[in-house]
Amino acid sequence: MVHSDNRVRCLMVRSIGERTTMQVETVSENDLPAGDVLIRVAYSSINYKDALATTGHRGIVKKLPHVPGIDAAGIVEASRDPRFAPGDEVLVTGYDLGQGVWGGWAEKIRVPGDWVVPLPSGLTLREAMVLGTAGFTAAQCVLALRRNEVFPESGRVVVTGASGGVGSLSVRLLAKQGYEVVAISGKREFHQHLTEAGAVEVWDRSALADAGERPMLSAQWAGGVDTVGGTPLTVLLRATRYGGAVAACGLVAGADLKMTVYPFLLRGVSLCGIASADCPSARRRRIWSLLSGPWKPTELDHFWVTEISLDQIPEKVAAMLQGHVAGRIIVNLKPTD
Ligand SMILES: NC(=O)c1ccc[n+]([C@@H]2O[C@H](COP(=O)([O-])OP(=O)(O)OC[C@H]3O[C@@H](n4cnc5c(N)ncnc54)[C@H](OP(=O)(O)O)[C@@H]3O)[C@@H](O)[C@H]2O)c1
């Protein structure tokens with residue numbers, strides 16, 4: 001199907017009374033938010049934050065109706081920003097995209113020039129979205145471990161929520177750099193996939209579900225990447241060795257952190273917060289150049305990737321909110337003939 005140029009298909013979230021609905025709609029290009037760069041989107045992706053946005057989550061969506069999608073990669077169609085010209089391949093992740101500003105689940109987006117990153121050589125538009133915010137966040141987690149001197153020779157590291165977007169890419173980035181990764185996953189059917197992604201061992205989620213009341217546990221980990229928060233994060237921190245570090249980025253298992261400060265005071269454990277959306281531009285570009293170069297996962301284009309259309313988003317979002325999806329889901333927004 002070919003669409004006339006100023007018509008934009010998108011996945012629109014609306015409120016009807018107390019309910020939130022989502023459906024594919026066609027809007028005019030004039031309805032898009034103000035901004036200097038108009039991008040024809042080739043691919044977007046689904047992240048946990050996007051799934052929450054479809055519920056109208058107040059912490060994410062500023063107002064309805066709303067188009068979610070915190071990631072987009074595509075081709076510049078028009079630009080008032082001299083740094084970009086029509087035909088440039090670019091990507092946008094984070095900032096206010098898909099939150100305060102209509103996002104990437106649309107054939108076009110209009111955004112401020114400061115949000116736009118030139119597509120690094122070494123990545124296709126599709127690969128950029130296989131990584132997306134998930135890969136960008138995973139890379140920041142790995143950088144945080146390295147900054148805290150948790151290196152491959154330091155000992156085993158843990159990744160929680162390992163079958164998810166951030167989790168699976170964290171396993172792959174760490175394994176590629178030579179870390180011994182123990183993946184924690186609630187999905188038995190994906191344990192083999194996690195081994196293929198590079199995990200040396202895969203443990204069931206129950207391993208970090210409850211470890212009693214003791215302030216500290218036997219020290220076994222050099223550190224880890226936690227994508228779930230709640231009890232698993234506290235168990236991981238309490239079982240991290242002297243001088244270790246844990247990068248924390250998620251909250252699917254809970255936003256509370258109920259523990260004592262003893263692991264910080266007696267073992268010097270560091271808890272590193274990761275916040276991708278507002279990562280400053282220069283650092284952002286450095287991270288993308290790592291992801292497109294030395295850190296690029298092998299077989300990025302197809303390993304553990306599900307490609308869907310705009311119409312298939314609602315079904316995948318429902319599965320994600322129930323914790324049933326694995327790997328990365330990308331949304332193909334290119335017009336079909
Ligand atoms: N701070 C940031 O900048 C940033 C950036 C991106 C994402 N995030 C956050 O990171 C988290 C992961 O995002 P994502 O996009 O990778 O989501 P995702 O693909 O849905 O992955 C989340 C994974 O967490 C595990 N999980 C789900 N429910 C759980 C529960 N109740 N208890 C324990 N584990 C559970 C599942 O893995 P298993 O079945 O394998 O256990 C699931 O695949 C989210 O909280 C998201 O908001 C934060």
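Given a Förster radius of 45 Å and the C-beta distance between Thr260 and Gln23 as r, what FRET efficiency does 1/(1 + (r/R0)^6) yield to the nearest 0.05?
Efficiency, rounded to the nearest 0.05: 0.40.
Using 0.36 nm times the number of residues separating Ser206 and Asp5, minus their current alpha carbon distance, what extension gain do you get?
Values: separation 201, 0.36 × 201 = 72.36 nm, distance 5.16 nm.
Between Ser206 and Asp5, full extension yields an extra 67.2 nm.
With an 8 Å Cα cut-off and a minimum separation of 6 or more residues, compute the relative contact order for the chain in percent.
18
Taking K and R as +1 and D and E as -1, what net charge do the other residues with C-beta under 12 Å from the C-beta of Arg14 add up to? Write out the running numbers ahead of the final one.
Details: positive: Arg19, Lys63; negative: Glu25.
Here the charged neighbours net out to +1.
By a straight-distance test (C-alpha under 20 Å), which lysines pair with Lys296 as possible cross-link partners, with residues fewer than eight away in the same chain excluded?
Excluding near neighbours in sequence, the set is Lys176.
Quick check: from the Cα gyration tensor, does the chain come out rounded (a/c under 1.5), prolate or oblate? Walk me through the numbers before you get to the answer.
Values: a/c = 2.00, a/b = 1.69, b/c = 1.18.
Cα axes put the chain in the prolate bin.
Work the Kirkwood hydrodynamic radius out for the stretch 174-217: mean of 1/r over every pair of different alpha-carbon atoms, inverted, in Å. Intermediate values should be presented prior to the final figure.
Numbers: mean 1/r = 0.0863 Å⁻¹.
Result for the stretch 174-217, one decimal place: 11.6 Å.
Normalising by the residue count of the stretch 134-273, find the relative contact order in percent from Cα pairs under 8 Å and 6+ residues apart.
Reported as a whole number, the value is 23 percent.
Of the candidates Ile60, Ile109, Ile184, which one comes out as most mobile in a Gaussian network treatment of the chain with C-alpha springs shorter than 10 Å?
Among Ile60, Ile109, Ile184, the largest mean-square fluctuation in the Gaussian network model of the chain belongs to Ile60.
Using just the helices of the chain, give the 222 nm mean residue ellipticity in deg cm²/dmol: DSSP H runs with n ≥ 4 each add -39,500 (n - 2.57), and the total is spread over all residues, rounded to 500.
Working: 8 runs with 83 residues, N = 337.
Helices in the chain give a 222 nm mean residue ellipticity of -7500 deg cm²/dmol.
For the pair Lys176 and Asn30, how long in nm is the line joining their label points, each one 7 Å along Cα→Cβ?
The answer from the label model is 4.6 nm.
On each of the three principal axes of the Cα atoms of the stretch 297-337, give max minus min coordinate, whole Å, ordered largest first.
Result, largest extent first: 31, 30, 8 Å.
Grab the eigenvalues of the alpha-carbon gyration tensor for the stretch 134-273, scale each by 5, take roots, and send me the semi-axes largest first in whole angstrom.
On the way: eigenvalues 86, 56, 35 Å².
Computed over the stretch 134-273, the values are 21, 17, 13 Å.
Largest first and to the nearest Å, give the Cα extent of the stretch 99-203 along each principal axis.
44, 33, 27
Bear in mind these aren't lab numbers, they're just calculated from the coordinates by the rules spelled out. Note that the structure is a prediction, hence the values are computed from the model and not measured. Don't worry about glycine lacking a Cβ; one is built from the backbone with ideal geometry, like all the others, and counts go over all protein chains shown.
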